[in-house]
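Since the structure comes first, as structure tokens, the remarks are kept for the end.
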2 protein chains.
Amino acid sequence: MSIPPGPIRLTGSAYSALRPVSSARITGGFWAVRRRTNAQVSIPQGPALLEAAGNLANLRAAADGKGDFAGDFQFQDSDVYKWLEAASWQLAEHPGESELNAAAEKLIELLAAAQADDGYLQTYYQVAHPELRWRQLGWGHELYCAGHLIQAAVAHHRATGRRTLLDVAVRFATHIESTFGPGKQVDGVCGHPEIETALVELYRETGERRWLELARYFVDRRGHGSLHAGIDRGHDRDPGAAYWQDHVPVREATTVAGHAVRQLYLLAGATDLAMETGDLELRAALERMWDAMVESKTYITGGLGSRYEGEAFGDPYELPPDRAYAETCAAIALVQWSWRMALLTGEAKYSDLVERTLYNGFLSGVSLDGDRWLYVNPLQVREDYDPRPGDQTARRTQWFRCACCPPNVMRLLASLPHYLASSDAHGLQLHQYASGVYAAAGGTARVTTDYPWDGRVTITIEEASVDPNWTLSLRIPSWCTAFTLTGADARSEAGWVRIARRWAPGDTLTLDLELPVRLTRPDPKMDAVRGCVAIERGPIVYCVETVDQMPGLRLDDVVLPSGNLAEAHQADLFGGVTLVTADGCRRSDDSRIRLTAVPYYAWANREVGAMRVWIPQT
Amino acid sequence: MSIPPGPIRLTGSAYSALRPVSSARITGGFWAVRRRTNAQVSIPQGPALLEAAGNLANLRAAADGKGDFAGDFQFQDSDVYKWLEAASWQLAEHPGESELNAAAEKLIELLAAAQADDGYLQTYYQVAHPELRWRQLGWGHELYCAGHLIQAAVAHHRATGRRTLLDVAVRFATHIESTFGPGKQVDGVCGHPEIETALVELYRETGERRWLELARYFVDRRGHGSLHAGIDRGHDRDPGAAYWQDHVPVREATTVAGHAVRQLYLLAGATDLAMETGDLELRAALERMWDAMVESKTYITGGLGSRYEGEAFGDPYELPPDRAYAETCAAIALVQWSWRMALLTGEAKYSDLVERTLYNGFLSGVSLDGDRWLYVNPLQVREDYDPRPGDQTARRTQWFRCACCPPNVMRLLASLPHYLASSDAHGLQLHQYASGVYAAAGGTARVTTDYPWDGRVTITIEEASVDPNWTLSLRIPSWCTAFTLTGADARSEAGWVRIARRWAPGDTLTLDLELPVRLTRPDPKMDAVRGCVAIERGPIVYCVETVDQMPGLRLDDVVLPSGNLAEAHQADLFGGVTLVTADGCRRSDDSRIRLTAVPYYAWANREVGAMRVWIPQT
């Protein structure tokens, strides 16, 4: 069967260069394994974990009008919404999963019962503080939760065709529309962006332009210091306007700043808006901010946010490996924003970063078993790392007190096919290489590959277009310095090879991307990793972990002067993985040692020890 | 006149190797200038700033039984106490300052009026939450405030001979003694140490052994997780037992951990205890912890605490220059603890660190004009540093919402003579070189020097001992690799040169410490400054600031490959300072440049720009 298009609907997005494909399906390989674990382990555990954390009790309390609010945060409901979105994308692919379907429907019934008569829905304010509804814009997360509700509802509607959740979302959106705006009850924005992208999705799903207008209002209203002035009770600290991106309007901003997830959710929404409105000023700002972010505020893993305090971006080139915050949710937001930029512009560089993030800083957020999580994704953990309570830097955990990341990983893995390919009037673009079937108007391609371990990608046309110049575009990753394409003539341009011709079913191409192990040096302005190198191979960033080294070796005693790099595929580790070995030496006695490196995404899955991505050369 | 000995009284301290001198007076030179500014600018501004911040209104509210609590913190009273301590040490030297004396007496009257009938005194709990008295040990700071009250009272008593403040302190201490202990109303410790060292001082001042016993109780009661279990309302986060050093008893600890100021105040108190009790197990733990701290958790400036979150120590060798927290109060605590270790052991290394800290990470905390302050003392600020509200990393400020640092600087500068020299049964030890007069039992030495700009120290004996082997000991700083001593024969041992002989008034020695400019390389385990060097000369750590460089030069574009270092004393900058120049190059165009470095303590006193202590070599 084909997957309903999403998270960006095929129709609409009049001003974007590319559009989502009409169908994308992953059939095997690297991501199929991760998605199976997501479907069989992570998602099924969701309802019980949400129950244990009190999220469902909160919904019942709102529905029944009795009981206390459970949990520590106003945004507890959003965990439920993100899980529902994950379940919906899973049901889109596997509609026969009746147990999952029933669990989702039960939650939807509970949500409908919890919703107030006027459409409002947020259990914290319904149960604990009704008098503060819409009065704590900074920290209240009301529109943030509404955004996640809308996203879940859109996914559920696309997956099942049923309007049960969509009706709840539209009722809440209608209430928001009647509440927010110039001259209305509230003229302001939410401390945590998310509603913007959700409203554009709701516009795409329903065709009702008023949701697009509301999204535009929230994007443009932001950046005028309205949050700065009104700090809520219960939070005595003003985090500064930049924390929640209220210091400068998006269209005037020059770089990313503040809380990383807030910033990127906002920019994903602004990109959606630019796709639907053709707003060139907004687009220019988005391109400028993305470039600045990649230039000086992005880790080699695709991690974002170098400061614990405020879960925030640091100054340019402030990218410490040890105290990298690099929240899993920020990596997810980076995939979401960059993918939208790829669609808007058609440029390959955005999908380069999607790839880097997916294979590294995103995937590290979930254990290989699918049941333990990282909130923070550092690039170095020392031998003597001493975690504080609640500091999950190097310890995978079953759930978090602030549990934003786990269901966020679930929904991205469940919707992963959406991020791999696109189409335009002339053909199909393959942004990522995963075994699967990708259908654009007029043509369908089947991809077979052992990527990222192997650079060979075989593409077979299953349905051919009548267009004599139907174009298949293949992204050449920026890390790839040599490749061969056999089976067709092609034209190379700015990160793409394009094959334009008349196609017949069964036509087969082979793309061979060379992916030797390489050592990457940091920008000399990145003070914190001066004099170090990172090991990379293809899209995979490697790290060294204590458990793989000779007994007693301390990673703070390791030097990697030259390399003598070798690779070896090991089928019995992590379900199959290419390891890298390298000649190093021990600083303390100058003895030669052989180092073993594993993919960064796989770290902290075995016994606890030290880890580092950047290794000193002297 | 002679200064009353303090903060550690001459008598007592039966088990320490050294004792404070009976009199120490700074008569000129580097520190005389800073202390004059402290006396003429900083201290006089105190009462008005405390009034503006609400601290005095809180005392009036407690005295009158009406009014609201002002300020954000439970420990607001401690700012008043620290100012009173500073004023007292100033009055000890200049008893004729009637205006200062009157201001202090007015505050003391107010404190006496605010004190509850049962001796309790903390305006936050008296005015805002009487029902929570002694029920928020973690965050309440009640014993912390009591400790600062006691220290101020001891200083005031020594300075003036009057008991007005001492009586208030003893009443509160008596109330504490009746409240705390096994089987009493509370069996526990305060979240913020400070009472320990204060109670030992009170024992020294009054001779009443019960205060020593109470100090011992608080030291030994700590480290058993009692704070961990009882988190107060209003603070939903458990910072972890290590944050307030409740994770391990002092005598079992192997390194410093948690909130840096809390840790060092505790260890200063534990060292006082060891000095009075001869507790060898405690002494061994203190020596072990100090060594571990210096080995891997101390900045080159003497700054401590590498993490913003929790104002805390990081892991070993986690010493980022840009996000160094290095709170001014932590540097002060480091001076206080290390001085006590110097007295306890007689070892010169402790005074080495006192010197490094005084001239660098401590002195940076106050502007050269004495009226603006730094709370955080980083070793690098980038061109694009973007301060958040409340983040005073690179901006000197008149006062802070949490104003612990300014009056703490005032009291250390006012009591600075106490930290320069010591005595024992055989003679006098000069730990620091400042022009002044230092008197031990039987002998008095006058020091004349332009240190730290010049390495020549001239010492003249003014009063000679009858002891034919009376020994003058001079500390040779660990950075000093060559020195000459003229005028006497001497014996060198472990950081000291000692001259034992019969002395006559007028005997004069000259110590010449060579202090060439030097480049210091970091420990290779200090990841964050790998490949960099720091410029030092004598005890002074240098930094480069934008304002001193060729127009348009960015510090993130600067490389210092070799040096070609030169020095030049400039009389018209910062009231006289030795600058260092060095050959560097600009990475972007490989052009040669000449860099100018200023002492780190003087940074952020002119126009705002970038700054760095550690400079890349490539």
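The values are calculated or read from the model by the stated rules, or taken from the named source; none is laboratory data. Because the structure is a prediction, the values reported are computed rather than measured. Here the Cβ positions follow ideal geometry from the backbone for every residue, glycine too, while neighbour counts run over all protein chains shown. Areas reflect the complete protein model, heavy atoms only, side chains present, ligands, DNA and RNA absent. Shrake-Rupley method; radii C 1.70, N 1.55, O 1.52, S 1.80 Å.
What the table shows:
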{"quantity": "Residue match in segment A:544-562 (condition: of a type in the set (Lys, Arg), more than 20 Å from A:ALA602 (Cβ to Cβ), touching a strand residue (DSSP E or B) at 6+ places or on another chain (Cβ under 6 Å) and within 14 Å of chain B (Cβ to nearest Cβ))", "calculated": "no"}
{"quantity": "Positions within segment A:101-118 being within 17 Å of A:LEU166 (Cβ to Cβ) and open to solvent by less than 60 Å² (accessible area, probe 1.4 Å), in sequence order", "calculated": "A:ASN101, A:ALA104, A:GLU105, A:LEU107, A:ILE108, A:LEU110, A:LEU111, A:ALA112, A:ALA113, A:ALA114, A:GLN115"}
{"quantity": "Hey, B:LEU363 under 23 Å from B:THR578 (Cβ atoms) and surrounded by 24 or more Cβ atoms within 10 Å (Cβ to Cβ) or not", "calculated": "yes"}
{"quantity": "Scan of segment B:303-330 for residues that are under 22 Å from B:GLU194 (Cα atoms) and aromatic (Phe, Trp, Tyr), ordered by number", "calculated": "B:TYR308, B:PHE313, B:TYR325"}
{"quantity": "Single residue of A:VAL381, A:VAL294 found to be within 14 Å of chain B (Cβ to nearest Cβ) and either touching a residue at least 40 places away in the same chain (Cβ under 8 Å) or within 26 Å of A:CYS480 (Cβ to Cβ) (or both)", "calculated": "A:VAL381"}
{"quantity": "Identity of the residue in segment B:412-460, of a type in the set (Asp, Glu) and more than 18 Å from B:ARG35 (Cα to Cα), that ends up surrounded by the most Cβ atoms within 10 Å (Cβ to Cβ)", "calculated": "B:ASP424"}
{"quantity": "Meets criteria (farther than 19 Å from B:THR357 by Cα and not hydroxyl-bearing (Ser, Thr, Tyr)) for B:CYS480", "calculated": "no"}
{"quantity": "Some residue of segment A:46-68 being within 14 Å of chain B (Cβ to nearest Cβ) and free of Cβ contacts under 8 Å to residues at least 40 places away in the same chain", "calculated": "no"}
{"quantity": "Strands (runs of 3 or more DSSP E) wholly inside segment B:543-618 containing at least 2 residues that are at pLDDT 95 or above and β-branched (Val, Ile, Thr)", "calculated": "B:577-586, B:591-599"}
{"quantity": "Filtered residues of segment B:461-479 (kept if surrounded by 17 or more Cβ atoms within 10 Å (Cβ to Cβ) and under 30 Å from the mean Cα position of the chain (by Cα))", "calculated": "B:ILE461, B:THR471, B:LEU472, B:SER473, B:LEU474, B:ARG475, B:ILE476, B:PRO477, B:TRP479"}
{"quantity": "Pair list, Cβ under 9 Å, 6 or more apart: segment B:19-40 residue at positive phi, other residue of a type in the set (Asp, Glu)", "calculated": "B:GLY29/B:ASP450"}
{"quantity": "Residue that is nearest to the other protein chains (Cβ to nearest Cβ), among those in segment B:245-282 that are assigned to a helix (DSSP H, G or I) and either open to solvent by 20 Å² or more (accessible area, probe 1.4 Å) or at pLDDT below 95 (or both)", "calculated": "B:GLU252"}
{"quantity": "Breaking point among (1) buried (at least 19 other Cβ atoms within 10 Å of the Cβ); (2) in contact (Cβ under 8 Å) with a residue 40 or more places away in the chain; (3) among the aliphatic types (A, V, I, L, M), for A:ALA504", "calculated": "(1)"}
{"quantity": "Hits in segment B:283-333 - residues which are part of a helix (DSSP H, G or I) and of a type in the set (Phe, Trp, Tyr)", "calculated": "B:TRP290"}
{"quantity": "Checking A:ALA534 against (1) within 14 Å of chain B (Cβ to nearest Cβ); (2) more than 23 Å from A:THR397 (Cβ to Cβ); (3) at pLDDT below 95, the condition it does not meet", "calculated": "(3)"}
{"quantity": "All positions within segment B:178-194 that are outside any strand (DSSP E or B) and either buried (at least 18 other Cβ atoms within 10 Å of the Cβ) or in contact (Cβ under 8 Å) with a residue 40 or more places away in the chain (or both)", "calculated": "B:THR179, B:GLN185, B:GLY188, B:VAL189, B:CYS190, B:GLY191, B:HIS192, B:PRO193, B:GLU194"}
{"quantity": "Failed item in (1) of a type in the set (Val, Ile, Thr); (2) modelled with pLDDT of 95 or more; (3) open to solvent by 20 Å² or more (accessible area, probe 1.4 Å), with B:ILE43 passing the rest", "calculated": "(3)"}
{"quantity": "Condition broken by B:ASN360, with the remaining ones in (1) assigned to a loop (DSSP other than H, G, I, E, B); (2) at pLDDT 95 or above satisfied", "calculated": "(1)"}
{"quantity": "Residue in segment A:427-441 that is in contact with a strand residue (DSSP E or B) (Cβ under 8 Å, 6 or more places away or on another chain), at pLDDT below 95 and small (Gly, Ala, Ser) present", "calculated": "yes"}
{"quantity": "Residue match in segment A:520-531 (condition: surrounded by fewer than 16 Cβ atoms within 10 Å (Cβ to Cβ) and more than 31 Å from the chain's Cα centre (by Cα))", "calculated": "no"}
{"quantity": "Elements of type strands (runs of 3 or more DSSP E) contained in segment B:413-528, each with 1 or more residues being touching a Phe, Trp or Tyr at 6+ places or on another chain (Cβ under 9 Å) and away from chain A (no Cβ under 14 Å)", "calculated": "B:421-424, B:427-430, B:436-440, B:443-449, B:456-463, B:471-475, B:496-500, B:508-513, B:517-520"}
{"quantity": "Residues of segment A:537-560 satisfying the condition of being farther than 18 Å from A:LEU379 by Cβ and either polar (S, T, N, Q) or loosely packed, with under 15 Cβ neighbours inside 10 Å (or both)", "calculated": "A:MET550, A:PRO551, A:GLY552"}
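A quick yes/no check of all residues on (1) closer than 25 Å to A:ARG204 by Cα; (2) open to solvent by 20 Å² or more (accessible area, probe 1.4 Å); (3) in a helix (DSSP H, G or I):
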residue	(1), (2), (3)
A:TYR81	yes, no, yes
A:SER88	yes, no, yes
A:GLU99	no, yes, yes
A:TYR120	yes, no, no
A:TYR125	no, no, yes
A:GLY138	no, no, yes
A:LEU143	yes, no, yes
A:ALA173	yes, no, yes
